[in-house]
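Below: the structure, in structure tokens.
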Amino acid sequence: MTKQLVVIFWSVLFGEVIGYIGSALETMTYNPGEIGIVAAVFALVVVNGISLITNHSLPIKGSENK
């Protein structure tokens, strides 16, 4: 659970910075709530997907997941 909280915190922080810079470069309106939610969801999907893939790529010896 703490892993997901850390991922959410840093993804929102980086998402806000990237969103602010991107909106200034593209002359678009800056919407911090939307950017934070999209960044958090995207990061959670990516991190949990990578964890799921790597956990099943090298099964523990003697396990049934071969």
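Of the conditions (1) at pLDDT 90 or above; (2) surrounded by 10 or more Cβ atoms within 10 Å (Cβ to Cβ); (3) charged (D, E, K, R), residue 26 clears all except one; give me its number.
Of the numbered conditions (1) at pLDDT 90 or above; (2) surrounded by 10 or more Cβ atoms within 10 Å (Cβ to Cβ); (3) charged (D, E, K, R), the odd one out for residue 26 is (2).
Tally up the residues in the stretch 42-60 that are loosely packed, with under 13 Cβ neighbours inside 10 Å and assigned to a helix (DSSP H, G or I), please.
Looking only at that region, the number is 12.
Are there any pairs, at least 6 apart or on different chains, whose C-beta atoms fall under 9 Å, with the first in the stretch 22-42 and in contact (Cβ under 8 Å) with a residue 24 or more places away in the chain and the second among the hydroxyl-bearing types (Ser, Thr, Tyr) and surrounded by 10 or more Cβ atoms within 10 Å (Cβ to Cβ), and if so, which?
36/11; 39/11; 40/11; 42/11
Within the stretch 1-32, work out how many residues are part of a helix (DSSP H, G or I) and either within 16 Å of the chain's Cα centre (by Cα) or among the polar types (S, T, N, Q) (or both).
Qualifying residue count, the stretch 1-32: 19.
Against the condition over 24 Å from residue 52 (Cα atoms) and among the aliphatic types (A, V, I, L, M), how does residue 1 come out, does it pass?
Judged against the criteria, residue 1 is not a match.
The values are calculated or read from the model by the stated rules, or taken from the named source; none is laboratory data. Computed from a predicted structure; not experimentally measured. Every residue, glycine as well, gets a Cβ built from its backbone with ideal geometry; the counts of neighbours run over all protein chains shown.
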